[in-house]
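**Q** This structure is in structure tokens; I'll ask about it shortly.
The values are calculated or read from the model by the stated rules, or taken from the named source; none is laboratory data. Not measured: the values here are computed from a predicted model. Cβ atoms come from the backbone with ideal geometry, glycine included; neighbour counts cover every protein chain shown.
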Amino acid sequence: MKKVLLIAGLFLMSLTYSNSSTAQGCVETTSSDGPQLVGYIQPQFNYYYFGDDANGNAIKPSTFEFLRARFGVVGSIPYDISYYVMAELSPVSGGPQLLDAYISYAPIGKYMKISIGQFKSPFSLELNTPCHALNTINRSTVVNNLASPFRDMGLMLLGAFGKDRDIISYKVAVLNGTGINVLDDNANKEIAGRVVYSPFEWINIGASGRTGLIGKILDADGTVKSVTRYAGDLTLDYKSLKFQGEYIYGITVGEVATGGGCGGKSTLVTEPVFKSSGFWVAAMYMFPINLQPIVKYEAYDPDGATYSYQGVGQNYTLNTLTMGVNYFLNDWTRVQANYVYNIEGKSNGI
């Protein structure tokens, strides 16, 4: 069983010249005063310990990096039109590239908004939490793998109901299913949706789903590859104490198997079916001095499918414990430090 240790420190600066709204997992304008500049940067330092090599020497690389460096423009056009454009400039995150670009029309206020363009998929609690508002530096492994692609082009309908606060909110989208900045080359589309119920101000119960066909390439028997995902989440935010958790289950049919032998899925199977799943839970407490300790535990079982972690392909189960602290310098700037401990095990006999 391989053990991996990661220590990371992050300084996060959020430069937003408007109030933050996370209806689409982004920073959005809340006024009609024309274009506004928004952005945030995440310079950080990573220190890793990956055990010892064959010669007994410790493997412990370290690096400074810009995890994210984003800049964009948001605005409103009286009376019901808004727009949002955000670019990623950090080469670490694949930049420079266009992240989000969509225009929205809200004919009946918050009850219904129609957005078209490129935006985050309406799936998963953690995915739809803006990067600058994440409680830990990194998203969970299960979210990185089963909620991808994070962004896509399509049409989304979203809104909320409730007089004094949002009791029920919803999002449903028709997407290319090809991912960020990639045009579709076939008639297949992906459907994704998310609904959140808030019976009390301090509790949110969410459910998400997505399903679709992958590309126009057929398997040997003429069957189109497909993906199906389900997720459920819970948030309890009472006074200074906050608890969050999420479970995701995914079925992927028709992927090319990378295993075979040793109990793995045979590469000779025409339609291997991977039933991957995982969860994460986190608890945090905000002290009056703007200090917020956090503990997070996550687990991911790829069912023998290969996935990427820290840029390395693997097919192990992964259990991760994160202990960290967030210190808020002001409403726009915070310092994060995370200690991450990983334990890897067998998946589907591999």
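**Q** Kindly indicate which of 337, 305 is surrounded by 19 or more Cβ atoms within 10 Å (Cβ to Cβ) and either touching a helix residue (DSSP H, G or I) at 6+ places or on another chain (Cβ under 9 Å) or of a type in the set (Gly, Ala, Ser) (or both). Spell out how you get there, then give the answer.
**A** Values: 337 fails: surrounded by 19 or more Cβ atoms within 10 Å (Cβ to Cβ).
So the residue among 337, 305 that is surrounded by 19 or more Cβ atoms within 10 Å (Cβ to Cβ) and either touching a helix residue (DSSP H, G or I) at 6+ places or on another chain (Cβ under 9 Å) or of a type in the set (Gly, Ala, Ser) (or both) is 305.
**Q** If you scan region 300-330, which residues turn out to be assigned to a strand (DSSP E or B) and either under 20 Å from residue 149 (Cα atoms) or β-branched (Val, Ile, Thr) (or both)? Give the derivation first.
**A** As a first pass, look at region 300-330 and keep what is assigned to a strand (DSSP E or B): 300-301, 307-309, 312-314, 317-328.
Hits for region 300-330 are 300, 301, 307, 308, 309, 312, 313, 314, 317, 320, 322, 325.
**Q** Could you check how many residues of region 94-146 are under 18 Å from the mean Cα position of the chain (by Cα) and aromatic (Phe, Trp, Tyr)?
**A** Matching residues across region 94-146 total 2.
**Q** Residue 163 fails exactly one of the following numbered conditions: (1) part of a loop (DSSP other than H, G, I, E, B); (2) free of Cβ contacts under 8 Å to residues at least 40 places away in the same chain; (3) in contact with a strand residue (DSSP E or B) (Cβ under 8 Å, 6 or more places away or on another chain). What is the number of that condition?
**A** Going through the list (1) part of a loop (DSSP other than H, G, I, E, B); (2) free of Cβ contacts under 8 Å to residues at least 40 places away in the same chain; (3) in contact with a strand residue (DSSP E or B) (Cβ under 8 Å, 6 or more places away or on another chain), residue 163 breaks only (3).
**Q** Determine, yes or no, whether residue 278 is among the small types (Gly, Ala, Ser), part of a strand (DSSP E or B) and without any contact (Cβ under 8 Å) to a residue 12 or more places away in the chain. Write out each step before concluding.
**A** On the way: among the small types (Gly, Ala, Ser): yes; part of a strand (DSSP E or B): yes; without any contact (Cβ under 8 Å) to a residue 12 or more places away in the chain: no.
Judged against the criteria, residue 278 is not a match.
**Q** Which residue is surrounded by the fewest Cβ atoms within 10 Å (Cβ to Cβ), if the candidates are limited to region 116-132 and must be closer than 20 Å to residue 101 by Cα and of a type in the set (Gly, Ala, Ser)?
**A** Of region 116-132, the ones closer than 20 Å to residue 101 by Cα are 116-123, 127-132.
Still in the running and of a type in the set (Gly, Ala, Ser): 117, 121.
Details: 117: 16, 121: 28.
Step by step, filter region 116-132, then rank; the result is 117.
**Q** Taking the residues in region 284-299 that are in a strand (DSSP E or B) and of a type in the set (Val, Ile, Thr) as candidates, determine which candidate is farthest from residue 343 (Cα to Cα). Spell out the reasoning first.
**A** Taking region 284-299 and keeping what is in a strand (DSSP E or B), we get 284-285, 291-299.
Narrowing the set further to residues that are of a type in the set (Val, Ile, Thr) leaves 294-295.
On the way: 294: 19, 295: 16 Å.
Residue satisfying both the conditions and the ranking: 294.
**Q** Tell me the residue from 269, 295, 273, 312 that is among the β-branched types (Val, Ile, Thr) and modelled with pLDDT of 90 or more, please.
**A** Values: 269 fails: modelled with pLDDT of 90 or more; 273 fails: modelled with pLDDT of 90 or more; 312 fails: modelled with pLDDT of 90 or more.
Matching residue, one of 269, 295, 273, 312: 295.
**Q** Working carefully through the options 142, 196, find the one that is surrounded by 15 or more Cβ atoms within 10 Å (Cβ to Cβ), within 30 Å of residue 339 (Cβ to Cβ) and touching a residue at least 12 places away in the same chain (Cβ under 8 Å). It would help to see each step written out before you state the result.
**A** On the way: 196 fails: within 30 Å of residue 339 (Cβ to Cβ).
When all the criteria are applied, what remains is 142.
**Q** Among 113, 189, 120, which is the only one that is touching a Phe, Trp or Tyr at 6+ places or on another chain (Cβ under 8 Å), under 27 Å from residue 275 (Cα atoms) and in contact (Cβ under 8 Å) with a residue 12 or more places away in the chain? Walk me through it before giving the result.
**A** Working: 113 fails: under 27 Å from residue 275 (Cα atoms); 189 fails: touching a Phe, Trp or Tyr at 6+ places or on another chain (Cβ under 8 Å).
Being touching a Phe, Trp or Tyr at 6+ places or on another chain (Cβ under 8 Å), under 27 Å from residue 275 (Cα atoms) and in contact (Cβ under 8 Å) with a residue 12 or more places away in the chain holds for just one of 113, 189, 120, which is 120.
**Q** Does residue 154 satisfy being in contact with a helix residue (DSSP H, G or I) (Cβ under 6 Å, 6 or more places away or on another chain), assigned to a strand (DSSP E or B) and of a type outside the set (S, T, N, Q)?
**A** On the way: in contact with a helix residue (DSSP H, G or I) (Cβ under 6 Å, 6 or more places away or on another chain): no; assigned to a strand (DSSP E or B): yes; of a type outside the set (S, T, N, Q): yes.
Spelling it out, it is not the case that residue 154 is in contact with a helix residue (DSSP H, G or I) (Cβ under 6 Å, 6 or more places away or on another chain), assigned to a strand (DSSP E or B) and of a type outside the set (S, T, N, Q).
**Q** Shifting gears a bit: Among strands (runs of 3 or more DSSP E) lying entirely in region 1-117, which contain 3 or more residues that are at pLDDT 85 or above and of a type outside the set (D, E, K, R)?
**A** 36-49, 62-77, 81-88, 97-105
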